[in-house]
Amino acid sequence: MTFSVSTFTFGGGYIAIPMMRKYFVNELELISEQDLMDMAAIAQSTPGAIAVNIAVLVGYRIAGLAGAIISCVGTVLPPIVIISVISMFYQAFRDNHIISAILKGMEEGVAAVIVDLVIDMGQVILKEKNFLLTMMPPLVFVASFIFNINVLFIIPSCAVLCVIQTYIKSKTGGTFD
């Protein structure tokens with residue numbers, strides 16, 4: 001399944017997440033929506049391509065180590081083949097106005113899918129009714145884009161806040177929000 005997702009999604013890992021939701025959560029019901037969101041968060045925070053990271057996590061969750069390996073191969077194989085073919089005909093692709101127009105149109109489609117993903121992930125966060133998680137995205141935006149605080153400071157700060165919140169919740173029986 002990750003082979004199919006990787007073959008037909010263009011634009012990076014954030015585009016693969018809605019496709020994975022469609023197959024693994026909605027159609028096959030192999031993982032829950034919350035599990036996928038947790039895996040997406042882990043995939044974003046670990047080194048490497050998000051699409052590969054989340055595919056490995058999903059594969060491992062479904063079928064253990066063999067599932068992780070198969071998902072990894074299934075995710076990286078399509079881009080390798082596609083890039084290899086394109087590189088053999090690079091000059092023809094670069095000069096072809098039709099292909100340029102198609103790629104430009106795909107950029108717009110990718111942007112729309114990313115906006116849809118942000119809305120979906122935002123709704124999941126709001127459903128949790130967790131004040132810290134609800135306030136974190138707008139505060140991170142303000143810190144980064146308005147105050148120009150480096151993301152190398154923002155990411156660990158957010159991680160520490162989430163660890164502190166989890167610790168406090170575990171000590172108070174989950175009543176802290």
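Local charge for Ile31 was computed over the other residues whose Cβ lies under 15 Å away, with Lys and Arg +1 and Asp and Glu -1, and equals -2.
With viscosity set to 0.692 mPa s and temperature to 37 °C, compute the Stokes-Einstein D of the range 96-177, Rh being the Kirkwood radius across alpha carbon pairs; µm²/s, no decimals. The estimated diffusion coefficient comes to 211 µm²/s.
Classify the range 52-100 as rounded, prolate or oblate from the Cα gyration tensor: take a ≥ b ≥ c as the square roots of its eigenvalues, call it rounded if a/c is under 1.5, otherwise prolate when a/b beats b/c and oblate if not. Here the range 52-100 falls in the prolate category.
Which angle between 0 and 90 degrees, to the nearest 10, do you get for helix 33-45 versus the longest principal axis of the chain when only C-alpha atoms count? With rounding to tens, the tilt is 80 degrees. Against the longest principal axis of the chain, how steep is helix 151-172, in degrees 0 to 90 to the nearest 10, with axes from Cα atoms? Long axis of 151-172 versus the principal axis of the chain: about 40 degrees. Given a cut-off of 26 Å, what percent of all Cα-Cα pairs of the chain lie beyond it? The answer is 43 percent, as a whole percent. Karplus-derived 3J(HN,Hα) values for the range 54-68, using 6.51 cos²θ - 1.76 cosθ + 1.60 with θ = phi - 60°, are 5, 5, 5, 5, 5, x, 5, 5, 7, 9, x, 4, 4, x, 5 Hz; glycine and proline are entered as x.
Cα centroid separation, the range 98-177 to the range 47-86: 24 Å. For the chain, the solvent-accessible area of protein heavy atoms averages 65 Å² per residue (probe radius 1.4 Å; ligands and nucleic acids excluded).
Going through the cross-link list Lys22/Lys127; Lys104/Lys129; Lys22/Lys171, which pairs have a Cα-Cα distance over 30 Å in this structure? Working shown, then result.
Working: Lys22/Lys127 20 Å; Lys104/Lys129 39 Å; Lys22/Lys171 37 Å.
Cα-Cα > 30 Å for Lys104/Lys129; Lys22/Lys171; rest within.
Helix 131-141 and the longest principal axis of the Cα set of the chain meet at an angle near 50°.
Helical runs assigned H by DSSP (4 residues or longer) give the chain a calculated mean residue ellipticity at 222 nm of -26000 deg cm²/dmol, each run adding -39500 (n - 2.57) before division by the residue total.
The values are calculated or read from the model by the stated rules, or taken from the named source; none is laboratory data. All figures in this text were calculated on a predicted structure; none of them were measured in a lab. Please note: Cβ atoms are built from the backbone with ideal geometry, for glycine as well, and neighbour counts cover all protein chains shown. In case anyone asks, the SASA skips ligands and DNA or RNA and just uses the protein heavy atoms, side chains included. Shrake-Rupley method; radii C 1.70, N 1.55, O 1.52, S 1.80 Å.
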